[in-house]
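All remarks here apply to the structure that follows.
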Amino acid sequence: MVPEMTEELRANKLKTDEMLINMGPQHPATHGVLRLILKLDGELVKHCEPVVGHLHRAQEWQGQNRTWFQYQALIDRVDYLSGMFTSWALARAAEKIDDVKVPLRAEYMRVIVAEMNRLTSHLLWLGTFGIDLGAMMGLPFYPFREREELLDLLEAIAGQRMMFNYIRIGGVQNEAPPGWFARLFKFTGSFPDRIDEYEAILSNNPIFLKRTKAVGILPRKLAIDYGVTGPTLRASGVALDLRKVKPYSVYDRLDFAVPVCNRDGDTYDRYMCRIIEMHESNKIIRQCIEQIPGGTADVLREKRKACSACGKANCPHCGGDLAIMVKKQNAGLRVKAGEGFAAVESPRGVLGCYIISTGSDTAYRIKWRNPSFSNLAVLPELLLDHQIADIMAIFGSIDVILPDVDR
Amino acid sequence: MLGMVGRAAEGFYQVCRGLWTVFKHSGRPPTTKEFPDVMPELPGAFRGRLALAVNPETGEHLCISCRQCERVCPDKCIDITAHKSPQTGKLELIDFKIDHGLCMFCGLCTEVCPTSCIINTSDFEMSEYSRGALIYDLKRLTLSQEESAYYFAKKDLPPPKPKAKPAPKPEAAGDAGESLAQQPSDVSQQPGPKAEE
Amino acid sequence: MNSAVFEIGKFARLTLLWLCIIFGAVWGVSWSIGVLLPAVILSQSGESGRFWAQLLQALVPVVAVALFVPLNTCYMVLAERRLLALFTVRKGPNRVGPDGAFQTVADALKLLLKEEITPRGADLLMYTLAPVIFFAPSIIGVMPLLAAVSGNHPLFTPVNLPTGVFYILAVSSIPVVGVVMGGWASNNKYSLVGALRSAAQAISYEIPLLLSIITVCLLAGTLDFVQIADNQRGSLLNWNILGGGALTHLGIGSPWWSIAAALLLAACCILLFALYVICACAEVNRTPFDLPEAESELVSGFNTEYSGIKFAIFFLAEYTNLFIVSTFAAVMFLGGGHAPFPGLEDACISGLRGLLAAWFGACTPFQLGWLVNSLVNPATVSQVFWIIVKSYALVWFASLIRATLPRLRIDQLMDYSWKRLVPLALILLIAVTFLKELV
Amino acid sequence: MTESDQAEKSSAGTAAPGQFGQLLSDNGIESNRLPDSCGVETIEVDRQQLENAVQRLRKSPEAVLDLLLAVSGVDSPESYDSVYHLWSTSKSGELVIKVRVAKSEVAPGELPEVPSLARIWSAANWHERESYDLVGIRYSGHPYLRRILNPWNWVGHPLRRDYKQPVDALNDKNPVSFR
């Protein structure tokens, strides 16, 4: 660190040196255990190499050694902020191979819980993004307050706050408890105002704009080249949202917009994309509650009671669409031989699951295509010639979850 | 020059707006949950510590030693010791061990249980000073009759049918403990792998 | 809603409790050392004890500061945490003592007891010296403020410098040396970057800060704290933030240009105050400018490697610095110890006095009055009260800023200083000089 | 059983080429159609022609398969597969490309070689590193083929069917342990 009195210094030539610094794995702002090997020239980043794998838990190996039923419980941990999506991707891939038709009511339930989970994920991102930018105290707590309400709701339906284990192959785990939909509907009514409050603090703040505008510009071509997906890609001007492009589940019945920025995206655009996405998710939840067949839980119970005597498999009132799933049938589930790739639009991008099944109760090979993995790969390109402070702004804006990278 | 002043004024206004928004929050009720003083209200679906329920009415143990939970557990944290009763020829539960240090509270065992015997309670305070203390045996796992009734009501589970057994073969909690005491050799012959910790 | 009001009430209670502790302790000790003990010594040993009596009296400011600084920091840290909790809809520390009043005391004790770690390869001398160098200026910086705070009380006249402003400005640029030393000696790259940032920041924000203070001194015409404060006697309109009395000089028959100049001067002074607040935040590394210890980038900046008592000293000095700049602003801009509406205050005091008289009048009016007057001077109480209210209000405002604003980047920080604040400060300096003559 | 069925099917290659297979054969690149994976066209490409084929698929205006979603290494019973999932951002096309290296071709103690796509798609970089790490497929021409999820001094490729975890992998005294 200390330049010695060399010949060059004596000859009045200023000698400068690059500084090699390890940011992480133990660093307050690397969102877990990312290690960045940085070469700094003063405050400028000249080279960056991300080192991942500190959280590797062999999730793919476990997929080959656990039954489908057991594995479903494990993979919520892959992306712990949006566990619904990992379960959903696995369920969709297995259902595709197995040709399972999911009851419509279960599809609606899936969309509702998934969008709630997207909200919780984005809210947590917003709070930590504030921390990354140095808004240490105020901002982080307001999104967490709303997230807490959503997590309470998810806990009431799934049993836990983060490791939901709710979406299953063939349906969902259980029916919503009485009064749940009413609570959720009430929350969605007040939520847009809360988002406006966050925006009042951050969106137009001159310091925030200075820190985010024209920082970490991700050109469209580069984004596609790196396989970046999700809001990060949409902020760079590519309208790739699976919910619109390849509608799955019941997304084609819902009216929502996908925010796309029409230029090369910078940190601010990625921020804005997520803020608008929260509004849209809120809208989706409201529509789902209005559209869900069988009505909210209390109504459904009445309906089921009314026609419980008929006992027909395709009863227009109780059978088919109103059923969610029978829990116990899944324990010994076997998926047909075959292979398939299914993807869902997780809060971070295209979350894909590639399954090769041989018809036994475990998978032959499961490969996860995690959005964070691809999104993180682009980080060295984004950081080049930016300052130390921008590392956190950019890294925060692409919203990487390290367990999702390392699996 | 004027534009710069305008921008500065705009920035100042926006900063003030942010400050005001934050300041407004000081008039809002705090969201802190004072946990040890005020216990949280947990939903019925909450997956807390595992426990074995008894029949709320008769008090007989609901476990039929079918080992479904043991088989489905992803962590292999359940260890059931049972033997075929020489008198009745039926399975008889000797010991039921759950290593809560290994359990990840996925709730799969409660889903496969045919008699709704193993359930997730709302208890989440289970810290211990050693890992060994986290291994719960049959006695610690079995709920009382009142607790079972409470959880059956809270979780909206169908009420268990009384065991239609001609032979008087009580399997209530206390009796199970007695049978454990009577046959210590059986238990020691089959030590669970986690029991040694 | 009710619970929110309840929380605010708790905060007010905490503040009152701590004010009683701080000023009770400081005043009690000062009074016993400066008045009681010398009197006892003189009465016991006559002339031969005069030396000791005078020595004790000279020690009063030192003892007062040594007591005041840690106690005040305890309160400030607690207040900041409670306030941030209020702003972020939480409760904050509420376990130790009544409403968590002694949380910071417990924290301080914990820090004192913690193991002290010196990183391998650290320059031990520099590493140990850094907190001291960081801390010393804040203690000696409080001293001249004492006179202003206590309204030039006879006990504290020894530290009343005729060039107090100059003294504080000179002393306040020393801490950065400690920061650079600590950052360099830690043998940690984060610390080094933090220290270098701190040096750059301190240099660039000192200039607009100095310029704004110089402007106020021009307006007041003196460098003496007590005089600057006294010049602002009267009402709110006489405060330097509103042009230092320019508005009150106006009469019915004043020419239009005089009115315009006075209004402009007031506007300039408000800007000047804003400038001062920004630069002061940067000087004491408060939030929008807390780059030297940016948590999310540099772990903890220059004090990453410090632990135990050394870290505690850094912590202490940082909050004392914040208090110094707040009190400085209160004296320079906000009228020092003078009430915003003296008439109202007098009415209140006389009303209170009447109430007290009615209350105690029956029993021992004479003894009570004697006791009160011998201990404290009512004028001093008012003085101390107002200056404390003003400086703590500024401290609270800093908490609000901390709860809201994100952090600047280092190049933007420099840009902001050199391209915006320095020109603005120069313009204001010239403008105020001219406008002052016009009024 | 079923795998061998699949292998039979693929070796027969009787199915008519799909949209993308047709496109490739129009351009003189051989491809072998495999049974569709859940309705998505799946082709097998010889490893010598892989780079050529994906370049063509990426650039040609009919296909524009410009998004490489994932590169998965698979340890099949008969072969080591490298599976590429291609999507298009502007069209709705999807394609699965498989490159197979028969196990009989691979000498014991050596890794199967597949040409790297990291020069064509930056996305392939990390995915190929992962596939190398877990399944042990060597991507020739990769700029930085190094373990990514496992520690750099790990021995073996954990997702191989014949992988045995070293008994003392968690032992502190073992120089290759990752503790």
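Part of a loop (DSSP other than H, G, I, E, B), open to solvent by less than 20 Å² (accessible area, probe 1.4 Å), away from chain A (no Cβ under 13 Å) and modelled with pLDDT under 85: does that describe B:Gly59? Yes: the conditions hold for B:Gly59. Residue count for the range C:19-30 under the criterion of being surrounded by 13 or more Cβ atoms within 10 Å (Cβ to Cβ) and out of contact with any Leu (no Cβ under 7 Å at 6 or more places or on another chain): the result is 4. Is it the case that D:Ala124 is surrounded by 20 or more Cβ atoms within 10 Å (Cβ to Cβ), within 11 Å of chain A (Cβ to nearest Cβ) and either in contact with a His (Cβ under 6 Å, 6 or more places away or on another chain) or in a strand (DSSP E or B) (or both)? Judged against the criteria, D:Ala124 is not a match. Restricting the search to helices (runs of 4 or more DSSP H) fully inside the range A:222-320 and requiring at least 2 residues that are of a type in the set (A, V, I, L, M), surrounded by 16 or more Cβ atoms within 10 Å (Cβ to Cβ) and modelled with pLDDT under 85 gives A:297-306. Within the range D:127-166, the set of residues being in a loop (DSSP other than H, G, I, E, B) and polar (S, T, N, Q) comprises D:Asn150, D:Asn153, D:Gln165. Scanning the range B:104-145 for residues that are within 16 Å of B:Pro159 (Cα to Cα) and small (Gly, Ala, Ser) yields B:Ser116, B:Ser144.
Among all positions in the range B:69-77, there is no residue which is free of Cβ contacts under 8 Å to residues at least 24 places away in the same chain, β-branched (Val, Ile, Thr) and closer than 25 Å to A:Phe69 by Cβ.
Open to solvent by 70 Å² or more (accessible area, probe 1.4 Å), within 30 Å of B:Lys161 (Cα to Cα) and either within 14 Å of chain A (Cβ to nearest Cβ) or hydroxyl-bearing (Ser, Thr, Tyr) (or both): is that true of B:Arg7 in this structure? In short, no.
Checking each residue in the range A:246-261 for being farther than 17 Å from A:Cys288 by Cα and not hydrophobic (A, V, I, L, M, F, W, C) picks out A:Lys246, A:Pro259. Put simply, of B:Ile64, B:Ile98 the only residue that is in contact (Cβ under 8 Å) with a residue 12 or more places away in the chain, away from chain A (no Cβ under 14 Å), assigned to a loop (DSSP other than H, G, I, E, B) and hydrophobic (A, V, I, L, M, F, W, C) is B:Ile64.
Among residues belonging to the range A:94-125 that are at pLDDT below 90 and aliphatic (A, V, I, L, M), point out the one that is nearest to A:Leu150 (Cα to Cα). Ranking the candidates gives A:Met109 first.
The set of residues from the range B:43-56 being facing another protein chain (nearest Cβ under 8 Å) and out of contact with any helix residue (DSSP H, G or I) (no Cβ under 6 Å at 6 or more places or on another chain) comprises B:Ala45, B:Phe46, B:Arg47.
Scanning the range C:34-45 for residues that are within 14 Å of chain B (Cβ to nearest Cβ) and either free of Cβ contacts under 8 Å to residues at least 40 places away in the same chain or surrounded by fewer than 16 Cβ atoms within 10 Å (Cβ to Cβ) (or both) turns up nothing. The one condition from (1) of a type outside the set (D, E, K, R); (2) touching a helix residue (DSSP H, G or I) at 6+ places or on another chain (Cβ under 9 Å); (3) closer than 30 Å to A:Arg369 by Cα; (4) open to solvent by 10 Å² or more (accessible area, probe 1.4 Å) that A:Phe185 does not meet is (3). Residues in the range C:141-198 that are open to solvent by 30 Å² or more (accessible area, probe 1.4 Å) and outside any helix (DSSP H, G or I): C:Gly151, C:Asn152, C:His153, C:Asn160, C:Leu161, C:Pro162, C:Thr163, C:Ser173, C:Ile174, C:Asn187. Restricting attention to the range A:76-91, the residues that are surrounded by fewer than 24 Cβ atoms within 10 Å (Cβ to Cβ) and not in a loop (DSSP other than H, G, I, E, B) add up to 1. Annotation note: Cβ proximity below 7 Å between a residue of the range C:59-77 that is of a type outside the set (A, V, I, L, M, F, W, C) and a residue that is open to solvent by 20 Å² or more (accessible area, probe 1.4 Å) and part of a helix (DSSP H, G or I) (sequence gap 6+ or interchain) occurs for C:Pro61/C:Met143; C:Pro61/C:Leu146; C:Pro61/C:Pro158; C:Pro61/C:Val159; C:Pro70/C:Leu316; C:Thr73/C:Leu316; C:Thr73/C:Tyr319.
Scanning the range D:47-69 for residues that are open to solvent by 10 Å² or more (accessible area, probe 1.4 Å), not hydroxyl-bearing (Ser, Thr, Tyr) and not in a helix (DSSP H, G or I) yields D:Pro61, D:Glu62, D:Val64, D:Asp66. The set of residues from the range A:201-218 being at the interface with another protein chain (Cβ under 9 Å from one of its Cβ atoms) and open to solvent by 10 Å² or more (accessible area, probe 1.4 Å) comprises A:Asn204, A:Pro206, A:Ile207, A:Leu209, A:Lys210. Taking the criterion of being facing chain D (nearest Cβ under 10 Å) and either part of a strand (DSSP E or B) or modelled with pLDDT of 90 or more (or both), the residues of the range A:354-366 that qualify are A:Tyr354, A:Ile355, A:Ile356, A:Ser357, A:Thr358, A:Tyr364, A:Arg365, A:Ile366. Just one of the listed residues (C:Asp224, C:Asp230) is open to solvent by less than 30 Å² (accessible area, probe 1.4 Å) and of a type in the set (Asp, Glu), and it is C:Asp224. Considering only residues of the range D:32-46 that are touching a Lys or Arg at 6+ places or on another chain (Cβ under 7 Å) and more than 10 Å from chain A (Cβ to nearest Cβ), which is least open to solvent (accessible area, probe 1.4 Å)? The qualifying residue least open to solvent (accessible area, probe 1.4 Å) is D:Ile43. Is it true that A:Leu126 is in a helix (DSSP H, G or I), away from chain C (no Cβ under 14 Å), within 18 Å of the chain's Cα centre (by Cα) and touching a residue at least 12 places away in the same chain (Cβ under 8 Å)? Here the answer is no, as A:Leu126 does not meet what is asked.
Taking (1) under 22 Å from C:Thr327 (Cβ atoms); (2) assigned to a loop (DSSP other than H, G, I, E, B) in turn, C:Leu211 satisfies each apart from (2).
For the range C:245-262, a residue qualifies if it is in a helix (DSSP H, G or I) and crowded, with 17+ Cβ neighbours inside 10 Å, and the qualifying residues are C:Ala246, C:Leu247, C:Ala261, C:Ala262.
Within the range C:59-78, is there a residue that is modelled with pLDDT under 90 and not in a helix (DSSP H, G or I)? Checked the range C:59-78: no residue is modelled with pLDDT under 90 and not in a helix (DSSP H, G or I).
Considering each residue of the range C:279-292 in turn, at least one proves to be under 30 Å from A:Leu36 (Cα atoms) and modelled with pLDDT under 80. Here C:Asn285 meets the list (1) open to solvent by 10 Å² or more (accessible area, probe 1.4 Å); (2) of a type outside the set (A, V, I, L, M, F, W, C); (3) on the phi < 0 side of the Ramachandran plot; (4) under 18 Å from the mean Cα position of the chain (by Cα) almost entirely, failing just condition (3).
The values are calculated or read from the model by the stated rules, or taken from the named source; none is laboratory data. Given the structure is predicted, the values throughout are model-derived calculations rather than measurements. Virtual Cβ from ideal backbone geometry, glycine too; neighbours counted across all protein chains shown. Just the protein is used for accessible areas: all its heavy atoms, side chains included, with ligands, DNA and RNA removed. Shrake-Rupley method; radii C 1.70, N 1.55, O 1.52, S 1.80 Å.
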